[in-house]
Amino acid sequence: MKPASPFQPNLPKVSEPSGGWAETDLDWAGVRDEAIHLLSQLIQFDTSNPPGHESLVAEFLADLLAAEGIGVKLLAATPGRANLVARLSGDGSRPPLLLLGHTDVVYADASQWRVPPFGGIVRDGYVWGRGALDMKGLLVMQVMALRLAKRLELPLARDLILLATADEEDTGRYGAGWMVDQHWYEVAAEYVFGEGGVGVELDGQQVFLVATAEKGYADLTLTARGLSSHASTPSGDNALVALAQAIQRISTYRSRVQLTEPVKGHLAALAPSRPWPERQLLSGVDLPLVNAWLADRLDLPTIRHALRNTFTPTMAQAGHLANVVPDVAEATLNCRTLPGVGLGDLVGEVRRRLGGLPVEVGVRQFNPASASPTATPFFTAIAEAARRETPGAIVAPYMMPGATDARFFRAKGVTAYGLMPVCLTSEEMATIHGVDERLQVAHLEQGTRAILHLLFQMAGRF
Ligand SMILES: [Zn+2]
């Protein structure tokens, strides 16, 4: 079902599955070659974060886009780590749409790879290298779509902004976080389209997971206190033992299942492809407890980490000498929270679980979950663009267990979604942050076409 949108009814030739502008007006073989070459070039800039060196990519793209008459700005919070803002101006009748990409990548251990991770090698139908999927590949699709919009001289109702950030793989404080804080006027938009979602196959059904939400992130500390004594005459009040009991208790704890809006939307979208009685229950029958019970028993990897808050001990420290009973012991608890869970709720939940133990709960860091509404014309346009390239696919909202730059925009009230609009195999998925990361050449073209279609739908003036 399409929500009412002034941009959709008058676009017959754009919506045509064949014979529209996309197939006839552009030399897609040429576009594909250009995209392959560009991705290979971007991979060859080693932007492993830390330290980043993202200016290498930002400056390269700035020159490329400026040469085609697209306005660009480089803004850096610290030397060598520039963020790129490129803008194609519309008539101002609608607020901007922002394409959000990041230029940094995670570390690659070359000894594990079949090809040099920063070689940008094109072979066997793939572009290989660190960042091919996360996310220089999607960034190239975005850049190509923007360039094509410019070359086609598309009359625009909205400004199209491309923001290529530094520091996404770390805290974002030199990247999206800093841009939103310090240069909001450069990146203010109604809609943001970035990373996080992708097409996958679930039980034989192709499903595009559109990232509409991210769980929250918290680092809590558990501090146990006891009485120091000589280990040869132990006091029985050992802080390390108390901490071990706390870790044991928290690691056997499962938080209550909660069906939040992003998960409800996800299940409702998938319901038609599921067997009865899942279909019956997930398609909107208002039985929260039964549905929560059922959802917890579904073999659905896409909701496995989206149903509850999680509490994972990740670091611990106690003692200074082998023969001294420690009077203090501390552990770090990495927590991922559902939408609507505040810091007080989270600390309260941990305290209840640890009731009776001599352990204090402290807070080192907390970023709440972020979620965008899904009943928007933008979501519909994304679904259309994805299905146009992969007929028969289901498009479902998706809550990510991890975090992306989208959270900074959602915190400003912007509707932000993430999708690389191609279907990856599980083998390809496993290369993200892993070894032999690679993107199919065919997917580069397909993704570029889908994003260009999306831009036309959302920003074209008709
Ligand atoms: Zn990424």
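Just so you know, all these numbers are worked out from the coordinates, no wet-lab data involved. None of these values were measured; they are calculated from a predicted model. FYI the Cβ positions are ideal-geometry reconstructions off the backbone, even for glycines, and counts take in every protein chain you see.
For the chain, what class follows from the C-alpha gyration tensor (a ≥ b ≥ c being the square roots of its eigenvalues): rounded when a/c is under 1.5, otherwise prolate if a/b is larger than b/c, else oblate? Judged from the Cα gyration tensor, the chain comes out prolate (a/c at least 1.5, a/b above b/c). Per residue, the chain reaches -9500 deg cm²/dmol at 222 nm when only DSSP H runs of four or more residues are counted, each adding -39500 (n - 2.57).
When the inverse distances between all different Cα atoms of the stretch 155-229 are averaged and flipped, the Kirkwood radius reads 16.8 angstrom. The relative contact order of the chain comes to 25 percent, based on Cα pairs under 8 Å that sit 6 or more residues apart. Max-minus-min Cα coordinates of the stretch 147-199 on each principal axis give 37, 32, 18 Å, with the largest extent listed first. The angle between the Cα long axis of helix 239-251 and the longest principal axis of the Cα atoms of the chain comes to about 40 degrees, rounded to the nearest 10.
Label point of Met429 set 7 angstrom out along Cα-Cβ; within the stretch 163-200, amide nitrogens under 14 Å from it belong to 196-200.
Projecting each Cα onto the charge dipole of the chain (Lys/Arg +1, Asp/Glu -1 at the beta carbon, about the Cα centre), which of Thr380, Gln457, Met179 comes out farthest on the positive side? After comparing all options, I get Thr380. When peptides 357-369, 329-341 are ranked by their average number of other Cβ atoms within 10 Å per residue, the highest-first order is 329-341, 357-369. Comparing Cα centroids, the stretch 24-61 and the stretch 179-241 end up 30 angstrom apart. The H on the amide N of Val422, modeled in the peptide plane, is under 5 Å from the matching H of Gly199, each at least 5 residues off or on a different chain. Going by the alpha-carbon gyration tensor, a ≥ b ≥ c the square roots of its eigenvalues, is the stretch 44-109 rounded (a/c under 1.5) or, if a/c is not under 1.5, prolate (a/b greater than b/c) versus oblate? Verdict is prolate for the stretch 44-109. Treating r as the C-beta distance of Tyr253 and Arg173 and R0 as 35 Å, the FRET efficiency rounds to 0.65.
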